[in-house]
Amino acid sequence: MVRSVTLVELAAVAAAVLMMAVAAFQVALAAGLPLGNATMGGRAASVDGVLQPPYRAIALGSAAVLVLAAWTVLGRAGTVPIFISDQALAWGAWVVAGFMALNTLTNLSGRHPLERRGMASITLAAALLVAYVAYAAP
């Protein structure tokens, strides 16, 4: 018999996909994608739009945090194995929701339209999805 997917699992997967998309964008920026003006408030890019070397490291760190956040949310929904207590996982999911909400506010204060409209929309959707998972997961 095939088990149906719950709404919590669906929300967790959707949030993880959004976070992984942002992580991939951060990796691309670290690799030299010339959209550095669309991240970190536009202050980290050189004249050609490529992130300066110290900010490339920050972009890679951001990508790593986003991967860990996605794994935490998927673990909270019970879709991937994670070996920490249920209480720590519940707290971790709320931390991720707060992190994504704060990220939304910083994106809204950015100079570039891609950061204000695109990234803020993605992080807001992820924040809402993660908050739902944190609240509704068993």
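The values are calculated or read from the model by the stated rules, or taken from the named source; none is laboratory data. Here the structure is a predicted model, which means the values were calculated and not measured. Here the Cβ is made from the backbone with ideal geometry for all residues, glycine too, and neighbour counts use every protein chain on show. Surface accessibility is based on the protein's heavy atoms, side chains included, excluding ligands, DNA and RNA. Shrake-Rupley method; radii C 1.70, N 1.55, O 1.52, S 1.80 Å.
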request  = Consider all pairwise Cα distances in region 28-101 and report the whole-number % of them above 19 Å.
outcome  = 47 percent
message = Considering all projection directions equally, how large on average is the shadow of the alpha-carbon convex hull of region 1-127, in square nanometres?
response = 8.5 nm²
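Could you tell me which chymotrypsin sites (Phe, Trp or Tyr not before Pro) in region 55-88 are loop residues by DSSP with no more than 11 other beta carbons within 10 angstrom of their beta carbon? Walk me through the intermediate numbers first.
Working: sites: Tyr55, Trp71, Phe83; in loops: Phe83.
Here the chymotrypsin sites (Phe, Trp or Tyr not before Pro) that fit, given the DSSP loop and packing criteria, are Phe83.
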ask   = Got a sec? Which residues in region 109-133 would a label at Val17 touch, if it sits 7 Å along Cα→Cβ and we count backbone N under 19 Å?
value = 118-133
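How many percent of the accessible area of the chain is carbon or sulfur, using a 1.4 Å probe?
Numbers: 5470 of 7570 Å².
Summing carbon and sulfur atoms, their accessible area is 72 percent of the total for the chain.
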query = Just the Cα atoms of region 72-129: what Rg and Dmax do they give in Å?
reply = 13.6, 41
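Would you compute, from DSSP H runs of 4+ residues alone, the mean residue ellipticity of the chain at 222 nm, taking -39500 (n - 2.57) per run and dividing by the full residue count, rounded to the nearest 500?
Working: 4 runs with 89 residues, N = 138.
After summing the helix terms and dividing by the residues of the chain, the value is -22500 deg cm²/dmol.
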query = How big is the shadow of the Cα convex hull of region 1-66, averaged over all directions, in nm²?
reply = 5.5 nm²
